[in-house]
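The values are calculated or read from the model by the stated rules, or taken from the named source; none is laboratory data. In this text the structure is predicted, and so the values were computed from the model without any measurement. All Cβ positions, even for glycine, are placed from backbone atoms using ideal geometry, and neighbour counts span all protein chains on display. Areas reflect the complete protein model, heavy atoms only, side chains present, ligands, DNA and RNA absent. Shrake-Rupley method; radii C 1.70, N 1.55, O 1.52, S 1.80 Å.
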Amino acid sequence: MADEALRSQVRQWIAEAPRIAVLTGAGMSAESGVPTFRDALTGLWARFNPEELATETAFRAHPQRVWAWYAHRRAALVQVAPNAGHLALAGFALRHPGRLTLITQNVDDLHQRAGLVDTIALHGSLLDDRWLDPPRTCCHIEPIQDGEPPSCPVCGNLRRPSVVWFGESLPSAALAAAEAAAHDCDLMLVVGTSGVVYPAAGLAFTAHQHGARVAIINPEPSDLDPVADVCLRELAAQSLPPLLETS
Ligand code: BV8
């Protein structure tokens, strides 16, 4: 089918679907200027792969290096804003209360800033920190030394980003809500993800196995293409508004 026929097919599915689940990845924020997860490993961090930075082991071994990577990404977030894709999803959710469940792998806050306050954030948030080890009564934070992760001056407990690292379990309530939405939906839109990371990527298989239609929006092939009914080789911020704004 030509692209316009595919687009109108997806528009029709959106208009007809009582329950829509949306799974987004780093490509959703790309047009806001947020590097995709694998593109974030450029410059100073080009020589590392995600598993060498986004893990507790890496943080314990090289706290300054890992903290600097997150501080760099966090600082970049201050400069960016939700794009037309984020706004189109939030606008649809506002016009159709209860019909759309937004599940994101992203650790930026752009869906939330666009107005989707009940976004299911599977991998936590880049903007929050927490103690690396269970906090003791002594744990408090002194002013941050440049480049160093904040730490308790008494016991040395470190602050870490409140993201889910590789090898860490996802927040159980968020994962359960995402799995229920994938299980129950009539349509899943999969936007801007390579489909490499689990269990998030498995949600597209869950939707497919329970009879939902799956539409992918991604300029490149992804590991989830085999379960897609339609793949729109488009950019999220360009593709989502015309798909959603007519409903
Ligand atoms: C866990 C936070 C239990 C940190 C991230 C099977 C089952 C369970 C686990 C596993 C499994 N198989 C393997 C595992 C282990 C592992 C895993 O998945 N490894 C991968 C590398 C194979 N999973 C885990 O460890 C998970 N934990 O399962 O707990 C457990 C416990 C102990 C031991 C084992 C298991 C935890 C995973 C969470 C990791 N944390 N983020 C941080 O951000 O620093 S994941 C990270 O990857 C980001 O959140 C990112 O969102 C996510 C996925 O990547 P994408 O979003 O897809 O981004 P990517 O750059 O890859 O792709 C961008 C896409 O966008 C591309 O396709 C591109 O074409 C497209 N694009 C670009 N521009 C646009 C666009 N699309 C549209 N429009 C555009 N403009």
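Side notes on the structure shown:
- Selection of helices (runs of 4 or more DSSP H) fully inside segment 11-85 by the criterion of at least 3 residues being more than 14 Å from the chain's Cα centre (by Cα) returns 50-53, 56-61, 63-78.
- For segment 77-85, the criterion of being open to solvent by 10 Å² or more (accessible area, probe 1.4 Å), under 19 Å from Met188 (Cβ atoms) and among the hydrophobic types (A, V, I, L, M, F, W, C) is met by no residue.
- Some residue of segment 111-128 being closer than 13 Å to Trp67 by Cβ and open to solvent by 20 Å² or more (accessible area, probe 1.4 Å): no
- Helices (runs of 4 or more DSSP H) wholly inside segment 148-247 containing at least 1 residues that are open to solvent by 70 Å² or more (accessible area, probe 1.4 Å) and more than 15 Å from the ligand (Cβ to nearest atom): 172-184, 202-209
- Hits in segment 117-146 (condition: aliphatic (A, V, I, L, M), within 16 Å of the ligand (Cβ to nearest atom) and free of Cβ contacts under 8 Å to residues at least 60 places away in the same chain): Ala121, Leu126, Leu127
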